[in-house]
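The values are calculated or read from the model by the stated rules, or taken from the named source; none is laboratory data. What you see is a predicted model, and the numbers here were worked out from it, not measured in a lab. Please note: Cβ atoms are built from the backbone with ideal geometry, for glycine as well, and neighbour counts cover all protein chains shown.
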Amino acid sequence: MNHKLLDPLIDLLKIPSISTQKEHKKDMEKARKYLVDLFKSMGFKTKILKGKKHDAVFARLITKPSYPTILIYGHYDVQPPDPLNEWKSPPFQPTIKGDDIYARGSADNKGQHMIHIMAVRKLLENLNHSRSVIQSTNKNKDHTPGVNKATKLLPNFKFIIEGEEEIGSPSIDSLAAKYSENLLKCNYLMVSDTGMRIGQPSIDIGLRGLVYTEISLQTAKHDLHSGECGGIAENPAILLAKVINQMKDDKGHVLIPGFYKEVRKLTKKELQEIKKVEKSKEEEIKDAELFGIGGGEAKYTLGQRKWAQPTLDVNGIWGGYQGEGSKTIIPAKASAKISMRLVPDQDNDKIYSAFEKYVKTLIPKWVKLEVIRHADCLPYLAPTNHPVFDLMKASLRKVYGKDPIFKRVSGSIGFVPIMAKELKVPVIMVGFALPGAKIHGPNEHFSLSNYFKGIEVMEDFYLSLDKVKRN
């Protein structure tokens with residue numbers, strides 16, 4: 001095991017950089033400082049880019065202005081580790097068991113962007129070693145075979161590691177507008193924030209969008225005695241349950257008026273591509289540790305349901321007494337968090353407006369309603385006819401010994417569609433997390449084999465990037 005490549009990841013995983021919780025503000029600062037110091041130790045120039053809630057770390061190393069430039073994206077913020085009692089080892093004490101490293105953020109996303117940082121560090125160390133050999137060779141007037149090959153040009157490297165991905169990347173719009181023509185300008189954008197199947201390398205070509213909301217219903221100024229007021233006081237928890245029940249029919253079809261109006265119809269070719277790479281029912285159940293398949297429309301295949309159809313889900317629901325024993329009340333307030341995953345060409349603003357309008361039709365006018373829009377991500381579909389994708393395929397094939405596949409991602413990465421639009425460059429999405437990595441859940445883990453293989457892949461790719469013809 002190469003500790004020189006692994007130790008920086010372990011150090012970063014120890015920092016509880018939870019962006020959603022105010023008490024971890026200092027930890028967010030600590031994670032930024034760690035990354036800044038790491039980049040500086042590699043000879044990068046760094047800059048902190050101000051965010052609405054948490055700043056981003058920017059680093060760049062210009063080898064030669066005329067060389068190709070690649071911008072590598074990652075995020076240092078992580079999800080809360082709850083429920084803590086379900087973790088088999090402490091979430092912020094990285095623990096190696098077999099081939100996996102267990103820690104919050106190991107797969108999402110610290111392990112993945114550290115792959116790129118360590119690949120670049122290895123390339124720079126090899127380059128510096130080769131230069132010292134050349135200097136020694138010239139000094140001794142001797143010739144060492146292979147030295148010139150070892151000094152092959154490296155691209156210009158830029159990194160942006162944000163701290164707001166887990167809260168919907170609220171600063172990306174402003175960062176893109178402010179820096180796309182200068183700091184972030186590049187020829188290619190590289191993203192590793194997804195996954196692959198065991199032994200099957202892949203390149204991700206699509207993302208779903210996201211609208212994340214919260215609704216709260218209040219029917220009284222305070223909780224009420226269920227004996228005195230039962231039968232005359234509306235129960236907001238029951239009312240909320242009715243609202244949620246009217247979000248989907250029994251076939252999984254979302255009932256918000258106009259929800260499917262702008263969903264892009266798949267072409268015959270796209271349907272064939274999805275069918276070719278989608279998992280079986282048994283594989284989906286095994287990988288996600290499900291008890292069964294449900295929640296979507298059975299008229300679509302599993303691949304279509306995950307990648308090409310929008311969804312609506314309840315992410316959390318609460319109201320009333322939840323302590324030990326009994327308390328006979330009618331709660332005054334009940335709330336739920338509801339998210340919608342969107343696909344091309346759905347419009348986030350239109351979907352949110354339709355959702356808000358629909359909720360209002362489902363409750364009495366006298367009920368106090370609050371609808372909050374927490375987070376947004378746009379859907380994205382990558383063009384794959386650029387030669388850089390062939391180069392990425394070659395590097396993956398070289399290390400994994402198998403042809404990579406194109407696949408879509410059922411989740412969202414807020415950074416990608418916004419930056420793709422602003423920068424107008426190819427976006428290469430290659431993830432190294434394996435099925436069952438328990439991203440966002442207890443016992444999140446990342447394959448060490450994939451971590452080291454990922455470093456090999458990216459070394460080969462970056463070293464070959466000059467082969468791609470640029471416009």
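Looking at the stretch 309-329 only, could you name the residues that are in contact with a strand residue (DSSP E or B) (Cβ under 7 Å, 6 or more places away or on another chain) and either under 30 Å from residue 352 (Cα atoms) or of a type in the set (Asp, Glu) (or both)? 310, 311, 312, 313, 314, 315, 316, 317, 318, 319, 320, listed by residue number. Tell me whether the stretch 95-102 contains one or more residues that are more than 21 Å from residue 36 (Cβ to Cβ) and not in a strand (DSSP E or B). So far as the stretch 95-102 goes, yes, one or more of its residues are more than 21 Å from residue 36 (Cβ to Cβ) and not in a strand (DSSP E or B).
With a requirement of 3 or more residues that are more than 30 Å from residue 360 (Cα to Cα) and under 20 Å from the mean Cα position of the chain (by Cα), the strands (runs of 3 or more DSSP E) lying completely within the stretch 165-240 that satisfy it span 188-191, 202-207.
Restricting attention to the stretch 311-346, the residues that are farther than 30 Å from residue 383 by Cα and assigned to a strand (DSSP E or B) add up to 14. Filtering 189, 217, 175 for residues that are surrounded by 21 or more Cβ atoms within 10 Å (Cβ to Cβ) and assigned by TED's automatic domain parsing to the domain that holds residue 371 leaves a single hit, 217. The residues of the stretch 57-73 that are out of contact with any Lys or Arg (no Cβ under 8 Å at 6 or more places or on another chain) and buried (at least 20 other Cβ atoms within 10 Å of the Cβ) amount to a single one, 73. Just one of 276, 251, 269 is surrounded by fewer than 11 Cβ atoms within 10 Å (Cβ to Cβ) and either outside any loop (DSSP other than H, G, I, E, B) or in contact with a helix residue (DSSP H, G or I) (Cβ under 7 Å, 6 or more places away or on another chain) (or both); which is it? Checking each option against the conditions leaves just 269.
Would you pick out the residues in the stretch 1-23 that are in a loop (DSSP other than H, G, I, E, B) and of a type in the set (A, V, I, L, M)? Once the filter is applied, which keeps residues that are in a loop (DSSP other than H, G, I, E, B) and of a type in the set (A, V, I, L, M), the stretch 1-23 yields 1, 15. Just so you know, in the stretch 331-365 the residues that are of a type in the set (Val, Ile, Thr) and surrounded by 17 or more Cβ atoms within 10 Å (Cβ to Cβ) include one that is farthest from residue 313 (Cα to Cα), and it is 363. Scanning the stretch 36-67 for residues that are part of a helix (DSSP H, G or I) and closer than 26 Å to residue 153 by Cβ gives 38, 39, 40, 41.
Somewhere in the stretch 313-329, is a residue surrounded by 18 or more Cβ atoms within 10 Å (Cβ to Cβ) and touching a Gly at 6+ places or on another chain (Cβ under 9 Å)? No, because not a single residue in the stretch 313-329 is surrounded by 18 or more Cβ atoms within 10 Å (Cβ to Cβ) and touching a Gly at 6+ places or on another chain (Cβ under 9 Å). Please find, within the stretch 362-399, the residue that is farthest from residue 246 (Cα to Cα) out of those that are touching a residue at least 40 places away in the same chain (Cβ under 8 Å) and acidic (Asp, Glu). So the residue we want is 376.
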